[in-house]
1. Out of B:130, B:163, which single residue is under 16 Å from the mean Cα position of the chain (by Cα) and more than 14 Å from chain A (Cβ to nearest Cβ)?
2. Quick check: anything in segment A:74-93 in contact (Cβ under 8 Å) with a residue 24 or more places away in the chain and surrounded by fewer than 16 Cβ atoms within 10 Å (Cβ to Cβ)?
3. Of all residues in segment A:143-159, how many are within 12 Å of chain B (Cβ to nearest Cβ) and within 20 Å of residue A:358 (Cβ to Cβ)?
4. Filter segment A:172-204 for residues that are under 22 Å from residue A:250 (Cβ atoms) and crowded, with 20+ Cβ neighbours inside 10 Å and give the result.
5. Please go through segment A:161-175 and pick out each residue that is closer than 22 Å to residue A:208 by Cα, out of contact with any helix residue (DSSP H, G or I) (no Cβ under 6 Å at 6 or more places or on another chain) and more than 9 Å from chain B (Cβ to nearest Cβ).
6. State whether the residues of segment B:168-175 include one that is out of contact with any strand residue (DSSP E or B) (no Cβ under 7 Å at 6 or more places or on another chain) and in contact (Cβ under 8 Å) with a residue 60 or more places away in the chain.
7. Anything in segment A:330-350 that is outside any helix (DSSP H, G or I) and more than 17 Å from residue A:262 (Cα to Cα)? List them, or say none.
8. Does residue B:294 satisfy being in contact with a helix residue (DSSP H, G or I) (Cβ under 6 Å, 6 or more places away or on another chain) and either assigned to a helix (DSSP H, G or I) or within 30 Å of residue B:27 (Cα to Cα) (or both)?
């Protein structure tokens, strides 16, 4: 089958370009960029709208196994397709945690039915307990793309150093959550004037810096491949920049919520704004956007965390943290584009190219030979977010009722259309 | 040539001294295969086996070696006695010294403890393993096994596989085989590899298949139970999959490669049971036999030096 997308505004994160062109797709791969339509091709007229590589969303929680009422592979896949996400990198903080190769093989078989690609991270320690390392070699053979204990930092530095040393031999990637576990225990806000005013248990931004410094020390010692899941405070940036300049094999990510929301949003105690780590100051938010533009922060992800209604209908500090994001990542990212902080190619570098590269996936590129995982979207189209229209089984989004811009018109996975929205 | 007063490690030995021990050990192998296994090399001398760490194999090997050379052998199970009552290592040494032993065989769980003890006594001290430091008689018996199986002890490619970091056997072998000019490869997970080991002048391989390629000798090390789960390696089965010696991995070594193991083995963890029993490759039983012979040779040589030294002291005293 041959597809030809013409009159498209091509967002190329590799060349960091943004211009009108065409794409030819044959048998699930991009065959040519800017060529004339081959004979017999199905023509798609993009009408000047944006065509970009599909988003690679690194760190999506899916409720399988254990919490399928919150999200299944199928519902997550549908939400992803509607949000322009063509590859989901699933988190291992399931019930039970994804920590053995047999479970991973089972889960991967279930995930294969979803309309988008789903790849899996495995836990770093057994049961995410921070006491024993998982069977990294077997898990890697079973398809684990990275190892992470999610938002639970491994506090035993000796064990973590051994995990890193062992991972280095496999060339495996470890995803850390830079946070001092002791300081951040129980915190739901960032310490300062506002948290004190609201009376919420809070943690200093330094807890993240301390966690980062510790992990970077271990990376220096072991030379492991390492990625920080979420960098959210400006004070973390100098250490991160320095470590990258040293040539350590490290990358860093941040969440779309920390780029678009701040601690003021906690004012109404709305539990959809409870995140781990908590929302930060406006200065931190702006610094994170600049860090993404500069490339110090490599990855933007949604950290999609479905929670049922009951786990959010609680006092703020007792509510479960996290928000859904597969379907809101693209319109939320458009806020950054319209406010002028980031260009579309810069956004796609962080949401698609960089995560794909770091995880060794064939995605994130608009070049001949690349997999035809694509999103066609209108960056301008305005709408009011209605959480009950989201395809995810859980509806916990902080953007409910917000005026957004950016609508997905179509999503293709391996050249196959998996979502068709209104034009 | 053998000048040493103690056998504390392989490190202080010259290649010629190593050869002397092995040559003499060869003759003791012949003796041990006779019905009457008796020599008078240590006649009238007292040998005390002082094991601060339990060991059945090494202790019985030393005991048998001493008895076959005619020594009076005493085993002190220190692990259960005075140490429990709070005596320090040095006090134990001085107490023993007062009993005038001639040969002291010591095993201790602390690196350097045997050296400390050797400074405090008047007899010859043999290190039967100290912490993660050295286990010289094991390296010597391995060398003898290799020399008899391969016809030489130089220019061989020798892969030492497994828990290198915690192994005194690996250290002593590394030093000995290096002194004899062999090509040494260390194979194992990075978590079980000591830091800076590449600077010892050997190749380090995390991939066992690359490490075994064309090896003449495959030396497996024991993986201790307490290291099996989660701490240094994820699990027994992943360890076996990646670093256990099976027929497929062994096929990458030379066709006439020999397989060694210091024992006791964990079948199915570091070595496949059928490989351990394969008479075409495995020399694991020979190692046990060579152990007695090498210990006889080492004690014989140390006893000669001790007699010579005491004789010299005596003649000096007469001159004065």
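Only the coordinates and a few stated rules stand behind these numbers; no lab work does. All figures in this text were calculated on a predicted structure; none of them were measured in a lab. When we count neighbours, we look across all protein chains shown, and the Cβ atoms used for this are built from the backbone with ideal geometry, even at glycine.
1. Details: B:163 fails: more than 14 Å from chain A (Cβ to nearest Cβ).
Step by step, each of B:130, B:163 is checked, and only B:130 is under 16 Å from the mean Cα position of the chain (by Cα) and more than 14 Å from chain A (Cβ to nearest Cβ).
2. Initially, segment A:74-93 is screened for residues in contact (Cβ under 8 Å) with a residue 24 or more places away in the chain, giving A:74-93.
Filter once more, so that each one left must be surrounded by fewer than 16 Cβ atoms within 10 Å (Cβ to Cβ): none.
Scanning segment A:74-93 turns up no residue that is in contact (Cβ under 8 Å) with a residue 24 or more places away in the chain and surrounded by fewer than 16 Cβ atoms within 10 Å (Cβ to Cβ).
3. 1
4. Keep residues of segment A:172-204 that are under 22 Å from residue A:250 (Cβ atoms), which gives A:172-181, A:184.
A:172, A:173, A:174, A:175, A:176, A:177, A:178, A:179, A:180, A:184 - these are the residues of segment A:172-204 that are under 22 Å from residue A:250 (Cβ atoms) and crowded, with 20+ Cβ neighbours inside 10 Å.
5. Result: A:173, A:175.
6. Kept after step one, since they are out of contact with any strand residue (DSSP E or B) (no Cβ under 7 Å at 6 or more places or on another chain), are these residues of segment B:168-175: B:169, B:175.
Narrowing further to those that are in contact (Cβ under 8 Å) with a residue 60 or more places away in the chain: B:169, B:175.
Looking through segment B:168-175, at least one residue is out of contact with any strand residue (DSSP E or B) (no Cβ under 7 Å at 6 or more places or on another chain) and in contact (Cβ under 8 Å) with a residue 60 or more places away in the chain.
7. Hits for segment A:330-350 are A:340, A:342, A:343.
8. On the way: in contact with a helix residue (DSSP H, G or I) (Cβ under 6 Å, 6 or more places away or on another chain): yes; either assigned to a helix (DSSP H, G or I) or within 30 Å of residue B:27 (Cα to Cα) (or both): yes.
Spelling it out, residue B:294 is indeed in contact with a helix residue (DSSP H, G or I) (Cβ under 6 Å, 6 or more places away or on another chain) and either assigned to a helix (DSSP H, G or I) or within 30 Å of residue B:27 (Cα to Cα) (or both).
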